[in-house]
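**Student:** A single structure is presented below for examination.
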Amino acid sequence: VKPVISVRKYGRGHIRLNEILETRGIPRNQLATAVNSKFQIIDKWCKDDVERMDLDLLARICYALDCPVEAIVEYSTAEEQRSRDKG
């Protein structure tokens, strides 16, 4: 088991919900209604601004959008993050 030292060392999780909604032409408020959530919460997910994952909400989003968790949530290593930030 690797010890967690800093964000730069272990990478970061990303939420790609906004990309999915844009690709499918689904407005955020429509998804919020479909998954019985507040718009502000879906908006935070779309802005990749989630500190703690609500697994029940994630399951409802996956169900509503008919997609796997991997389509919404991804992990990038510190090296991948640095490459993204540069390019």
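The values are calculated or read from the model by the stated rules, or taken from the named source; none is laboratory data. All values reported here derive from a predicted model rather than from experimental measurement. Here the Cβ positions follow ideal geometry from the backbone for every residue, glycine too, while neighbour counts run over all protein chains shown. These accessible areas exclude ligands, DNA and RNA; they are computed on the full protein's heavy atoms, side chains included. Shrake-Rupley method; radii C 1.70, N 1.55, O 1.52, S 1.80 Å.
**Student:** Of all residues in segment 36-73 being aromatic (Phe, Trp, Tyr) and over 9 Å from the mean Cα position of the chain (by Cα), which is least open to solvent (accessible area, probe 1.4 Å)?
**Tutor:** My answer is 39.
**Student:** List the pairs whose first member sits in segment 38-62 and is closer than 13 Å to residue 13 by Cα, whose second member is assigned to a helix (DSSP H, G or I) and hydrophobic (A, V, I, L, M, F, W, C), and whose Cβ atoms are under 6 Å apart, counting only residues at least 6 apart or on separate chains?
**Tutor:** 45/17
**Student:** Residue pairs, Cβ under 6 Å, 6 or more apart or interchain, first in segment 8-36 and in contact (Cβ under 8 Å) with a residue 12 or more places away in the chain and at positive phi, second among the small types (Gly, Ala, Ser) and open to solvent by less than 60 Å² (accessible area, probe 1.4 Å). List them.
**Tutor:** Pairs found: 11/76; 11/78.
**Student:** If you go through segment 42-73 one residue at a time, how many are of a type in the set (Asp, Glu) and under 13 Å from residue 18 (Cα atoms)?
**Tutor:** Final tally of qualifying residues: 3.
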